[in-house]
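Notes for the one structure printed next.
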Amino acid sequence: MTISRRKLIQGVALSAAATAAPVKLVYAQGAEFTYKYANNTPLTHPMNIRAKQAADAIRAETNGRLDIQIFPSSQLGSDTDTLSQLRSGGVEFFTLSGLILSTLVPPAALNGLGFAFPNYDTVWRAMDGDVGAYVRAQIAKVNLVAMDKIWDNGFRQITTSTKSITNADDLRGLKIRVPVSPMWTSMFKAFDSSPASINASEMYTALQTKVVDAQENPISVVSLFKLNEVQKYCSLTNHMWDGFWFLANRRAWERLPPNLREIASKHLNAAAVSQRADVATLNGTLQQELAAKGMVFNAPKTDSFRDKLRSAGFYAEWKAKFGDEAWATLEKYTGKLG
């Protein structure tokens, strides 16, 4: 299955046009268990396409006993609001970025550590292995259940209007837009950059007016926001990776009979693996399209970036915050960080 750029852009349009009325993609009359699943992505995002397939398969295999209704595009509220609803039981399922979940479960940000993962192979070994198991155990402590397979949110890349980024020195003094996040800010300060926290809605204008000269995001965001119009270069730094944890309210999850839990987890985990492949295909397609429009791509080596973060004390700072156990678990896959 291929998710086209057109579908992705249509999804953003649907997201912008969404009203307060819920979009129920799956509905079965007389279901024994009717559960809400909320997320912040558009209808045509690979996440919702695969989630709908999973919900349909779950409804069919349970003979209609479990009906999962999908509420896309943040229809039930912001990520913070929906996380509160999930914890209270107002929403039974929610997919959330680990970096945002870290406001409640600090180790959930472990996967987003700067220049920890060099490629997707390492990501999936870690997140399907001990790193994922460690984070899920921490999530369980706040009475949430995380499915075994994390969904792909993507590697983040750096775009600039002035030059390609080939090594850590190229980041010195760079005026770069970042989200409001301690991890982002501390990382780019460690590179001696000038990070500026700017809302996504204001990002294009800030780049156009040279308030900042650079930004960092997954390629899909570069395409959706048409940042190629104000950014010439895209350096495939893969400097941070984040995923969406598929979370369940523990009480609601344990209300399901064991056989229904088994069916639900089976299809949700399979959907996550399919969504990963969709995102990989989409990223490759979008890179080709952006290159055809004049954006210049390069793939720098990561050695100098890691060295700079070590010498600046970035890794030491975050090791202290995450703790020795979490750090050792991560380094099993990434190698020595700091």
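Restricting attention to segment 287-338, the count of lysine pairs at 8 or more positions apart or across chains with alpha carbons under 19 Å apart stands at 7. Taking 0.36 nm per residue of separation and subtracting the Cα-Cα distance, what length does fully extending residue 140 through residue 254 add? Extra length available between residue 140 and residue 254 comes to 39.8 nm.
Can you list residues from other chains, or at least 5 along the same chain, whose modelled amide H is less than 5 Å from the amide H of residue 154? Excluding prolines and chain starts, which carry no amide H, the hits are 242. Go ahead and set up a Gaussian network model of the chain, Cα springs under 10 Å, then flag whichever of 200, 168, 292 fluctuates most. Result: 292 has the largest fluctuation of those listed. Computed over all pairs of different Cα atoms, the Kirkwood value for the hydrodynamic radius of segment 238-338 is 18.0 Å. Dividing the mean sequence gap of close Cα pairs (under 8 Å, 6+ apart) by how many residues the chain holds gives a relative contact order of 24 percent. Annotation: aspartates and glutamates with alpha-carbon distance below 14 angstrom to residue 175 (same-chain offsets under eight excluded): 192, 213, 216. Taken as Cα centroids, segment 250-274 and segment 164-190 sit 40 Å apart, rounded to the nearest whole angstrom. Average 1/r across all pairs of distinct alpha carbons in the chain, invert it, and you get the Kirkwood radius: 20.7 Å. Basic side chains Lys and Arg get +1 at the Cβ, acidic Asp and Glu get -1 at the Cβ, and with that the dipole of the chain about its Cα centre reaches some 240 debye. Annotation note: trypsin sites (Lys or Arg not before Pro) in segment 280-311 located in DSSP loop regions with a Cβ neighbour count of at most 13 within 10 Å are 293, 301.
Helix-only arithmetic for the chain: the sum of -39500 (n - 2.57) across DSSP H runs with n ≥ 4, divided by the residue total, places the mean residue ellipticity at 222 nm at -13500 deg cm²/dmol.
Read-outs throughout are calculated quantities, based only on the coordinates presented, and are distinct from any laboratory measurement. Keep in mind it's a predicted model, so treat the numbers as computed, not measured. A quick note on method: Cβ atoms are made from the backbone with ideal geometry, for glycine too, and the neighbour counts reach across all protein chains shown.
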